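*Asks:* Have a look at this one.
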Amino acid sequence: MGACCGGDAKFDGLSKGYRRALWAVIAINGGMFFVEMAAGALAGSQALQADALDFLGDSLTYGISLAVIGMSLRVRATAALFKGVSLALMGLWVFGSTLYHTLILGVPNAPVMGAIGFLALAANLTSVLILMKYRDGDANVRSVWLCSRNDAIGNVAVMAAAGGVALTGTAWPDIAVAGLMAGLFLWSAFHILVQAVRERRHEEVAAAE
């Protein structure tokens, strides 16, 4: 991931290759959201359900990114602001849901967690490879890369949680990973929001000159 903050001109996603890449990862992430949410409910795993929400967030992010390609920097930055706020709200929801489940502890199904985590990791690595050459860009483009990176990290964490659950016989590894993933959502949201605000200000200054 490159350093993409600032007011310099950056890739704005205006290419056929980038559009095709977004459509591909929308299909991958949309499908995995349903698979992982169902598996999370079946296994009683908060980490799996948190990761499923990340897939959903990615699908929405990619869809918005497609919609604003070619529009003004102000519009793209505004879309990135919306996505940043949405990602932050998702992180807060995962935090709250994790605290709730801490009060009604149940041990999740470690084998299901591990198997679905591996499947999700394969899906996310495919998305990351598709988007690799587009990882640097404006706030709208960068938000796509950050979401893809979050997914890959989250899947590794889910598999680690599955191992922890199997070893300890408790739900705490699953809960800890869900909390860490919520923190990752909030951290990524912060970066997206900061860059989007900078780009909006840069556009306002340029328009005033």
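The values are calculated or read from the model by the stated rules, or taken from the named source; none is laboratory data. Given the structure is predicted, the values throughout are model-derived calculations rather than measurements. Note that we place each Cβ from the backbone using ideal geometry, even for glycine, and neighbour counts take in every protein chain shown.
*Asks:* Out of the residues in the stretch 150-209 meeting the condition of being part of a helix (DSSP H, G or I) and in contact with a Pro (Cβ under 7 Å, 6 or more places away or on another chain), tell me which one is modelled with the highest pLDDT.
*Replies:* My answer is Gly164.
*Asks:* Same structure again: Whether any residue in the stretch 115-138 is among the β-branched types (Val, Ile, Thr) and out of contact with any helix residue (DSSP H, G or I) (no Cβ under 7 Å at 6 or more places or on another chain) is what I want to check.
*Replies:* Checking the stretch 115-138: not a single residue is among the β-branched types (Val, Ile, Thr) and out of contact with any helix residue (DSSP H, G or I) (no Cβ under 7 Å at 6 or more places or on another chain).
*Asks:* If you don't mind, there's one more thing I want to ask. Among the residues of the stretch 128-142, is any more than 30 Å from Leu73 (Cα to Cα) and assigned to a helix (DSSP H, G or I)?
*Replies:* Among the residues of the stretch 128-142, not one is more than 30 Å from Leu73 (Cα to Cα) and assigned to a helix (DSSP H, G or I), which makes the answer no.
Residue-wise test of (1) under 22 Å from Asn29 (Cα atoms); (2) hydroxyl-bearing (Ser, Thr, Tyr).
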| position | (1), (2) |
| --- | --- |
| Thr126 | yes, yes |
| Leu129 | yes, no |
| Met132 | yes, no |
| Arg142 | yes, no |
| Ala161 | yes, no |
| Trp172 | no, no |
| Gly179 | yes, no |
| Ala189 | yes, no |
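*Asks:* Mind listing whichever residues of the stretch 23-55 are closer than 14 Å to Ser127 by Cβ and either modelled with pLDDT under 80 or among the hydroxyl-bearing types (Ser, Thr, Tyr) (or both)?
*Replies:* Listed by number, the residues that qualify are Asp51, Asp54, Phe55.
*Asks:* Somewhere in the stretch 104-113, is a residue hydrophobic (A, V, I, L, M, F, W, C), modelled with pLDDT of 70 or more and surrounded by fewer than 19 Cβ atoms within 10 Å (Cβ to Cβ)?
*Replies:* Yes, because at least one residue in the stretch 104-113 is hydrophobic (A, V, I, L, M, F, W, C), modelled with pLDDT of 70 or more and surrounded by fewer than 19 Cβ atoms within 10 Å (Cβ to Cβ).
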